[in-house]
Amino acid sequence: MNNRSVVVALTTSDNDYQAEQAASATEVAMRLGVKIHVIYADSNAVNQSQQLVKVIQDRTGRPDAILVEPVGTPMPQVAKAAVAAGIGWGILNREADYITELRRDAGVPVFAVSPDQEEVGRIQGRQLAALAKQGNVLYIEGPSSSSAANLRTKGILSTKPAGVTMKILKGDWSERSAQHAVKSWMSLSTSKEFQIQAVVCQNDAMAIGARKALMDLSEGERERWLHIPFLGCDGVTKTGQEWVRSGQLRATVVIPPMAGLALEMLAKAVRTGDLPAEKTMCAPRSFPDIAEIGARAAGA
């Protein structure tokens, strides 16, 4: 795949999993001799669309393919424009129902690569079941526009203990958003009535943000809250997994970075002439495993 160029469009530079995405793409690109250009949308869907339209319209510097993790919708119109311009299109970590139709007449690779997002939620439900069989849980979701967030919620609802009631707050995948959401909720008089058994977040950054929201509490309240288990997701080696080892999180769900895998698939398609599978699903895993979470809880 020498002399090929690929744009990798990610959601934000202010997120550990997105940094892992960029690192995985960079490693694969160096190994395969591919030129990549990583761009970030600053968590702004309009900005991301404009970035990619500009890339597509640049006749002199068009890439051979675009790999994108969408901030908002899966951008069907941008995808169509890319394919019409002869640019391959790979969508990361997102459901996209237009892929099948777009592949019919495309002369370039069009595909999706994603973890099993519903299984991510199911794993968090099993982790929660190892810690609490009943009571109230604070659950912090990603944006409503994100299929990943919706599928993770669907998954956890299918495996959480029946006796657990979830109080759902909204974040935007960032540490800051979860910190703000938890502080706002805790300022309400009704929050004092909740005896929270665990805090479950749809990514590790939001889990850490939720913990930081507790720092402004009185010492007695803070000590009580900091003994509550926090669960995250993404499981990047140097952040999420390390936060579990240091005790800041009780558990996380490891999701392998999709960008490097998608670039590998593109390279294989160029080498063999065979298009990548329409959709590739990757299996997430609990860290630590569920049995260990339960054993630690029983010994606490």
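Counting only protein heavy atoms and using a 1.4 Å probe, the accessible area of Glu119 comes to about 40 Å². Under the convention that each Lys and Arg Cβ holds +1 and each Asp and Glu Cβ holds -1, the size of the dipole of the chain around its Cα centre is about 140 debye. For Leu67, nonlocal amide neighbours, meaning residues 5 or more places apart or on other chains whose placed amide H falls under 5 Å from its own, are Val7, Val8, Ala9, Gly90. Under the criterion of Cα pairs below 8 Å and six or more residues apart, the relative contact order for the chain equals 19 percent.
When you restrict to C-alpha pairs under 8 Å that are six or more residues apart and normalise by the size of the stretch 1-41, the relative contact order lands at 62 percent. Compactness check for the stretch 19-141: Cα Rg over 2.2 N^0.38 Å is 1.31. Take each peptide in 268-277, 50-59, 102-111, count the other Cβ atoms within 10 Å of every residue, and average; sorted highest first, the result is 102-111, 50-59, 268-277. Mind checking which of Gln179, Val78, Val199 is farthest towards the positive end of the stretch 74-226's charge dipole, using Cβ charges of +1 (Lys, Arg) and -1 (Asp, Glu) about the Cα centre? My answer, from the dipole projection, is Val199. Have a look at Gln21, Asn44, Val34 and report the one farthest towards the positive end of the charge dipole of the stretch 7-58, computed about the Cα centre with Cβ charges (Lys/Arg +1, Asp/Glu -1). Comparing the listed Cα positions along the dipole, Val34 ranks first. Springs join every pair of Cα atoms under 10 Å in this Gaussian network model of the chain, and among Ile168, Ile140, Ile99 the largest mean-square fluctuation is at Ile168.
From the alpha carbon centroid of the stretch 232-300 to that of the stretch 124-160 is 17 Å. Which of [x] 19.3; [y] 22.8; [z] 20.0 is the computed Kirkwood radius over Cα pairs in Å for the structure on display? The listed entry that was calculated here is [z]. Note on Val182: accessible area is roughly 0 Å² with a 1.4 Å probe, heavy atoms of protein only.
The values are calculated or read from the model by the stated rules, or taken from the named source; none is laboratory data. From a predicted model like this one, the values you see are computed outputs, not experimental measurements. Counting neighbours? That spans all protein chains shown, and the Cβs are built from the backbone with ideal geometry, glycine included. Only protein heavy atoms, including side chains, enter the accessible area calculation; ligands, DNA and RNA are left aside. Shrake-Rupley method; radii C 1.70, N 1.55, O 1.52, S 1.80 Å.
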